[in-house]
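As structure tokens, the structure follows; a few thoughts come after it.
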Amino acid sequence: MSILHVVSVSGGKDSAATAVLAIEQHGRAACRFVFADTGNEHEQTIEHVAYMARHLGVEIVTLRADFSAEIVRFRDYVREQWPRKGVSKGDCERAIAALVPTGNPYLDLCLWKGRFPSRTRQFCTHYLKTLPLVEYQMGLIGDGACEAVWSWQGIRLNESQSRMSRLQGTGACVRSFEVMGDGLFTYRPILRWTAVDVFDAAALYGLAPNPLYLQGMTRVGCMPCINCGKDEILEISKRFPHHIERIAMWELMVSMASKRQMASFFPDPDREKHLNKRGIHNVVEWSKTQRGGQLMDWVRIHEEPKACESAYGLCE
């Protein structure tokens, strides 16, 4: 049976290690590499993916989801059904005017859904990465390029509790290999690896880490990621304020398309004690506080970003 090994590359440390592992085990000819551009990527990540392709001597195919048809259908739904649900004419016209495809996958997904993803409803990964990847992989089988595809996923158990719960298996083993059907298989080769392991694997191939890891970021797949912590939000606001302003603009656009007329990228971090309202600018202000949001942390606020600052010890 002819098999192609498809590696999903995010520009992050784990997928970089997975890519070099696939090349080492199966060679470049048997591998395919794809990058799902969500539209919420940092420009340095886009550049790093291109650097990876050059350095590893491979082609990395860029996938971008398209929600134009979904937005058009939802716009028709708003026009026909919202008035029947008691929504005012003005609110319907506002939403209809906002429901125009932008060509940005992340923003268009949120316009269609009328909200942003959240930690409890993390639909961004499914629509922006999983579905385009599966479509690409099944296309390889359908076009006769191979009879089966191993989909390599660069994820590690200790990255999150949800992954630990979902993929730990019996405890003695992990769910590193799954049969998905129709010739598609999922392979997770680095589930038990550590952060040190993945950086070391890439370094053995002379592959430099994404520069964002040297600028205080722990996640580089999106900028920002909905799972960002307090310190990382503050770091982003200092180093990359243009991304904060982009999210602020997106919040306005998605709010216009929402029946609630309200949409925020991050939830209100502390409804009772501090902000009492949502919005990326308010969350940035919260990131400057200490003691549960009660006091401003003036030292952290005025501290200049270091030239090299890594949560993984890469600057040492």
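Here are the numbers:
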{"item": "Matching residues in the range 89-118 - criterion: being of a type outside the set (S, T, Y), part of a helix (DSSP H, G or I) and buried (at least 20 other Cβ atoms within 10 Å of the Cβ)", "result": "A95, P105, L107, D108, L109, C110, L111, W112, K113"}
{"item": "All helices (runs of 4 or more DSSP H) inside the range 125-243 with 3 or more residues being in contact with a strand residue (DSSP E or B) (Cβ under 8 Å, 6 or more places away or on another chain)", "result": "131-142"}
{"item": "Yes/no for R121 being buried (at least 20 other Cβ atoms within 10 Å of the Cβ), free of Cβ contacts under 8 Å to residues at least 60 places away in the same chain and out of contact with any strand residue (DSSP E or B) (no Cβ under 8 Å at 6 or more places or on another chain)", "result": "no"}
{"item": "Check on L63, at pLDDT 95 or above and under 20 Å from the mean Cα position of the chain (by Cα)", "result": "yes"}
{"item": "Pick from the range 226-259, criterion touching a residue at least 12 places away in the same chain (Cβ under 8 Å) and among the basic types (K, R), ranking: farthest from L212 (Cα to Cα)", "result": "K259"}
{"item": "Members of the range 71-88 found to be crowded, with 17+ Cβ neighbours inside 10 Å and either among the β-branched types (V, I, T) or assigned by TED's automatic domain parsing to the domain that holds Y136 (or both), listed by number", "result": "I71, V78"}
{"item": "Pairs with Cβ under 8 Å, 6+ apart, first in the range 200-223 and in contact (Cβ under 8 Å) with a residue 12 or more places away in the chain and within 13 Å of E41 (Cβ to Cβ), second assigned to a loop (DSSP other than H, G, I, E, B) and of a type in the set (D, E)", "result": "G221/E41; C222/E41; M223/E41"}
{"item": "Condition met for R156 (surrounded by 17 or more Cβ atoms within 10 Å (Cβ to Cβ) and touching a Phe, Trp or Tyr at 6+ places or on another chain (Cβ under 7 Å))", "result": "yes"}
{"item": "Residue within the range 229-245 that is closer than 30 Å to L314 by Cα and touching a Leu at 6+ places or on another chain (Cβ under 6 Å) present", "result": "no"}
{"item": "Yes/no for S165 being in the same structural domain as K13 (by TED's automatic domain parsing) and either at pLDDT below 85 or not aromatic (F, W, Y) (or both)", "result": "yes"}
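The values are calculated or read from the model by the stated rules, or taken from the named source; none is laboratory data. Quick caveat: nothing in here was measured; it's all calculated off a predicted structure. Neighbour counts are summed over all protein chains in view; Cβ atoms, including those assigned to glycine, are modelled from backbone coordinates with ideal geometry.
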